[in-house]
Amino acid sequence: MLWIDCPWCGPRPETEFRYGGEAHIARPEPAATDDAAWADYLFMRTNPKGVHAERWMHREGCRRWFNALRDTVSNDVVAIYPMGAPRPDASGDEAGDD
Amino acid sequence: MRFRLKEGGRIDRTQRLRFTFNGQSYEGFAGDTLASALIANGTHLTSRSFKYHRPRGILTAGAEEPSALVQLGEGARTEPNLRATQVELYDGLTATGVNAWPSANCDFAAWTGRFAPLFPAGFYYKTFLWPASFWKSLYEPVIRRMAGLGRAPEAPDPDSYDKMNVHCDVLVVGGGPAGIAAALAAGEAGARVLLVDEQAALGGALLGLRHHVDGADGAAWAEAAANRLATMPEVRVLTRTTLFGYYDHNSLSALERRTDHLGPRAPAGTGRQRLWHIKAGRVVLATGAHERPLVFADNDRPGVMLASAAQRYVNHYAALPGERAVLFTNNDAAYEAAHDIVEAGGTVGAVVDCRPEPAAPLAPALKQAGVPLHIGSVIAATHGTKRVRSVTVAKLGEGGGPSSEQYRIYCDSVLASGGWNPAVHLFSQSAGKLAFEEARGIFLPGQATQAVEVTGAANGSFGLAGCLAEGAAAGARAAQAAGFGDGTAPPIPSSDAPEPGAITPYWLAPGQKPVGHGKAKHMVDHQDDVTAADIRLAAREGFRSVEHVKRYTTVGMGTDQGKTANVNGLAILADALGKTVPEVGFTTYRPPYTPVTFGALAGRDTGPLMDPLRRTAMHEWHEAEGAVFEPVGQWHRPWWYPKPGEDNHAAVARECRAVRDAVGILDASTLGKIDIKGPDAATLLDMIYTNAFSTLKVGRVRYGLMCGDDGMVFDDGTTARLGENHYLMTTTTGNAAHVLEWLEEWLQTEWPELKVYCTSVTEQWATVALAGPKARDVLAALAPDMALDTDSFPFMSVKEGTVAGVDARVFRISFTGELSFEINVPWHHGRHLWEALMEAGAAHGIAPYGTEAMHVLRAERGFIIVGQETDGTTTPHDLGMDWIVSKKKPDFLGKRAWSREDTRRDDRKQLVGILTDDPGTVLPEGTQLVDRPGRPPLPMIGHVTSSYASPALGRSIALALVKGGRGRKGETVHAAPESGFVPCKITEPVFYDSEGAKRDG
């Protein structure tokens, strides 16, 4: 069970949240996007061993979306930041070192 | 109780308890476990083994027990596969050994042992393969009946279970000397401490030893410590509680057994067990160690047990393991077990030590007591059938094989010790890494991933003094890390236990014949009947990964997760592969540490409390009318309303006719309703729906399809414009929450600049659909001030007004094809409105109709149901609904995906109608469609999505998704239900009133 520090409600157990997949995937301008790029936007996601930027929504609480950096090896949540904000620098190797 | 000592032990001799095991009556004392009481009565044979049905006895005295598994109790309360070593005895207890028929003593299936060559490792991949049809009908049922362990209860569980959630600064797991010291240190520092231990009382290994702490008997010291902990307000101690799961972020789960030890005397109203969900700041694991069995020929015969188990039965339960024991060891510490037996008045026939030059400190004392020592020797065979009667001891020769110097020694119990394995299960579950220590042949906790520290024997400190010191230091450190105290450990109590002494890892003792030859079995995994020969076979067959060997041989895959088997099995595998143990690696421990009853995991969330039930304002009326209910999400909706003597078909047909010929009334309150407000509401809807809503006039209603950005339909419904910046959206019943989340997600993540609020109002408005040619007449009687003619109140518009004396919103929309009004009133007026409509409609023959009639009516008219005609891979074009896809809007969700190659294919599955050649045949929904009959496998061209008997058409109708179906109208295809091939024709997916002539009445 992860414990996630909702920026509005404080630390709450994972079961109160909805996972929203990889963060920072902006919807491209459809007319300016070819089929391959559109498919990439729809279907392709990174799956890093290490720090992963992802979206969460506090479904059973404030129902607000936010971004988090989570280490997929240790499950440590190393940063939480608002939607639209750039990905912060996180200690830890994004590619994973073990 | 022939083997009960006259004095000593920690049992209560004033309380005699009667119990029945395998049909025989016994007596024991309060404080016994089922295993200790059986041993006190001289019974070692408990059950039969999993695969070969070999006689099995009690190997251990604790949670690691692999073989003495019992079926406890009878009827609804029976519980399978409990470890006899952990079942506390109570008066009237009844139990039987598992996997034996008719009994462990006379087991019918023991003949399987004689066919052991048929069941080698991975036998299910090799034998019983032909003929193929025999597997399902014969081999598998027979093998499953003969293998398997106990029986699950068949009646509902009469007990209740609770769940607890608790936060603590320091969680200490294990109430032995290290755990007690840690809890005392952390508790005295002021931290909020939770100490859990699986035994009935604190003390851990101390309860089975004769050592002293601070001058007191170990158990007395533990009791005093428990009393001290009880005075600390921030400390909670849970005994009879097994911490079974260590999850992420220091979330842990424990099972507390509250009444199991009381049997039928359990107080009424007390939950049987409690599941504790623990969130800990720091965790101190003081989980101790498990003694490792030695692997030797026929080492699974009843009477063979761990040395420490025998020691515990003598010291804790005052029960001798038998008349005459032989100790087989590779380490000094095990000599203490033989010593304690001699001290207690028992007889030790010999000590067999595989080491060439052991120097155990207790050896001289044993020699003086007349116990012969056989050094550089092994037990090469055990003799007897259901109990060991003697052993053959062989001096080891050059190269480690048995020499010709052999002795037969009479004994009825064998105490075996291969050293100790730290209980690193929970640490491993926490994602901590394990490190192998060559000298003692043990896995130790390595790098931790979470805020956890391992201490005492679990950390490889097998001496008592070390446990006490390490535990206190760990407790103080954990408290400090949580913000309490300065990390200084309190004074360490003194103790009189000797250091554990020397050990030489020893993995496989040779028998009289080479391993795997002859009848003798070198048992590694007692629960799954995995032998050393099986592991070597796997290695010979090319298995290299320990994970593969585990799954192929099933070593460590029993309910005990190989607590006694894994390290031995791994070392034997490493030897067979010519590798070191660390090179071979180690399998991962997973929760639960010991099995957990489903009842505890379910807690109170059973029956009606399992999931909330949502009822509409008219629910009681439906119940009173005898409606049959259909679960839709969490809602219960009337399915049909059978009249006396009607079956479901008759009821549905009557309800359909009422709507087509007169008027019907449907409770549509469960449809999702979302109130959408704000200056950008129209902009949002234009992006969400495939058609335009900014062009919708106030007071008008439009049907819309919602797609994901992948172009696939995921919801539909009507949305009304109530004001310039105010819309009311309806969604399908089951998808309401999902659609609201969908809107919120886009608003918060992609279009935060849009000023829109979305609010669920599903439960604010009760909704009644009034449908049929007489609908206008019925409504007119209740809404005299509302103009209902087609010009004043056209199709797809909304009016606010008064219906049946209450404020109402009335929508002219139709899901049946008939003239229809959907009347919304505040929820608490729902029943009033419903009854008023029933009364007003009585003269017109009004009939309530349920969801089944609704489905038939909409299918006749060719209206889709999202989730039935669609499955997440269906586009609006596949449904033939191009008319609802805007050509003018530059962008909306789904649009871009339709120009992708895959969504432009001509052979996509498209919605069509299906009419069976035989009008009486109603195809099952989901039936596959093929071009022509034949022998499977056949190319499948589509499937039936909806199928009904249509009262309006007097025949069956169906909707289907068929590859390239729109171009195949009029062609004959074949449906393939289980009964055979059914010829049918592809048609338009509209069967009734395709011109829409009836919608205005």
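The values are calculated or read from the model by the stated rules, or taken from the named source; none is laboratory data. In this text, all values refer to a predicted model and were calculated from it rather than measured experimentally. In this analysis, Cβ positions are derived from the backbone assuming ideal geometry, glycine residues included, and neighbour counts consider all displayed protein chains. Please note that ligands, DNA and RNA were not included when accessible areas were found on the heavy atoms of the full protein model with its side chains. Shrake-Rupley method; radii C 1.70, N 1.55, O 1.52, S 1.80 Å.
All other residues with a Cβ under 11 Å from the Cβ of B:Ala216 taken together, and with Lys, Arg as +1 and Asp, Glu as -1, what is their net charge?
Cβ neighbours under 11 Å give a net charge of -4.
Can you list residues from other chains, or at least 5 along the same chain, whose modelled amide H is less than 5 Å from the amide H of B:Lys163?
For B:Lys163, whose amide H was placed from the backbone, the distant partners under 5 Å are B:Leu275, B:Arg604.
Between B:Trp751 and B:Glu800, what is the FRET efficiency for a Förster distance of 22 Å, r being their Cβ-Cβ separation, to the nearest 0.05?
0.15
Under 5 Å between amide hydrogens, which residues at least 5 positions from B:Arg955 or on another chain qualify, with H placed 1.01 Å from N in the peptide plane?
Residues meeting the amide H criterion: B:Ser950.
Could you compute the FRET efficiency for B:Asp496 and B:Arg13, with r as their C-beta to C-beta distance and R0 at 22 Å, rounded to 0.05?
The formula returns an efficiency of 0.25 here.
Set Lys and Arg Cβ to +1 and Asp and Glu Cβ to -1, take the dipole of the protein assembly as shown about its Cα centre, and tell me which of B:Pro933, B:Gly401, B:His649 lies farthest positive.
B:Gly401
For B:Gln368 and B:Arg389, calculate 0.36 nm times their separation in residues minus their Cα-Cα distance, and state this gained length in nm to one decimal.
Here the segment from B:Gln368 to B:Arg389 would lengthen by 5.0 nm.
Restricting to lysines 8 or more places apart or on different chains, can you count the pairs in the range B:905-1001 with Cα atoms under 17 Å from each other?
Lysine pairs meeting both conditions in the range B:905-1001 amount to 5.
List the aspartates and glutamates whose Cα lies under 13 Å from the Cα of B:Lys563, skipping any in the same chain that are fewer than 8 positions away.
B:Lys563 reaches B:Glu64, B:Glu65, B:Glu291, B:Asp525, B:Asp528.
In peptide B:250-258, how many Cβ atoms from other protein chains are near each Cβ within 10 Å, on average?
Whole-number average of other-chain Cβ neighbours for B:250-258 is 1.
Run the reach check for B:Lys163 against lysines, Cα to Cα strictly under 19 Å, same-chain hits fewer than 8 apart removed. What comes back?
B:Lys279
I'd like the FRET efficiency for B:Ala692 and B:Ala780, computed as 1/(1 + (r/R0)^6) with the beta carbon distance as r and R0 of 45 Å, rounded to 0.05.
0.85
Scan chain B and report its longest stretch carrying no GluC sites (Glu not before Pro) that are both in a DSSP loop and have at most 11 other Cβ atoms within 10 Å.
B:439-723
Could you work out how much longer the chain between B:Thr270 and B:Glu623 gets when fully extended? Use 0.36 nm per residue separation minus the Cα distance between them, nm to one decimal.
Using 0.36 nm per residue and subtracting the Cα-Cα distance, I get 123.6 nm.
Under 16 Å between alpha carbons, and skipping anything fewer than 8 positions from B:Lys677 in its own chain: which lysines qualify?
B:Lys697, B:Lys755
Using a 7 Å offset from the Cα along the Cα-to-Cβ direction at both B:Glu901 and A:Phe43, what is the distance between the two label points in nm, to one decimal?
The two pseudo-label positions are separated by 1.1 nm.
Zone of B:Asp807 (label point 7 Å along Cα→Cβ, backbone N under 16 Å): which residues in the range B:775-800?
B:799-800, by backbone N distance to the label point.
Report, in listed order, any pair from B:Lys519/B:Lys579; A:Lys49/B:Lys895; B:Lys643/B:Lys799 with a Cα-Cα distance greater than 32 Å.
A:Lys49/B:Lys895; B:Lys643/B:Lys799
So if each residue of separation counts as 0.36 nm, and I subtract the Cα-Cα distance between B:Gln406 and B:Arg151, what length gain in nm does that give?
The span from B:Gln406 to B:Arg151 would gain 87.4 nm if fully extended.
Can you pull the one-decimal nm distance between simple spin-label points at B:Thr580 and B:Met164, each 7 Å off the Cα toward Cβ?
Going by the 7 Å Cα→Cβ label model, 4.5 nm.
Could you list, in their original order, any pairs among B:Lys386/B:Lys513; B:Lys673/B:Lys774; B:Lys367/B:Lys433 whose Cα atoms are separated by more than 32 Å?
In this structure, B:Lys367/B:Lys433 lie more than 32 Å apart at Cα.
A plus B alone minus the pair: what accessible area, both sides summed, probe 1.4 Å, in Å² to 100?
So the buried area, both faces added, is about 2400 Å².
Just to be sure I understand the model, the point goes 7 Å from the Cα along the line to the Cβ. What's the resulting B:Gln928 to B:Glu74 distance in nm?
With each label placed 7 Å out from Cα toward Cβ, I get 5.0 nm.
List the relative contact order of chain B as a percent without decimals, with contacts defined as Cα pairs under 8 Å and 6+ residues apart.
9
For the protein assembly as shown, what is the mean residue ellipticity at 222 nm derived from helices alone (per DSSP H run of n ≥ 4: -39500 (n - 2.57); sum divided by total residues; nearest 500 deg cm²/dmol)?
Rounded to the nearest 500, the figure is -5500 deg cm²/dmol.
Each residue of the range A:4-20 in order: what ³J(HN,Hα) in whole Hz does its phi give by Karplus 6.51 cos²θ - 1.76 cosθ + 1.60, θ = phi - 60°, with x for Gly and Pro?
Listing the rounded values in order: 10, 8, 4, x, 9, 10, x, x, 9, x, 3, 5, 7, 10, 10, 7, x Hz.
Within the range B:465-498, which residues have the backbone N less than 15 Å from the label spot 7 Å out from B:Glu234 along Cα→beta-carbon, could you tell me?
Residues passing the 15 Å test: B:475-488.
In the neighborhood of B:Gln527, defined by Cβ-to-Cβ distances under 11 Å, what is the net charge if each Lys or Arg adds +1 and each Asp or Glu adds -1?
With Lys, Arg at +1 and Asp, Glu at -1, the net is -3.
Using amide H atoms built in the peptide plane, which far-off residues or other-chain residues are under 5 Å from B:Leu82 H to H?
Correct list: B:Val70, B:Leu72.
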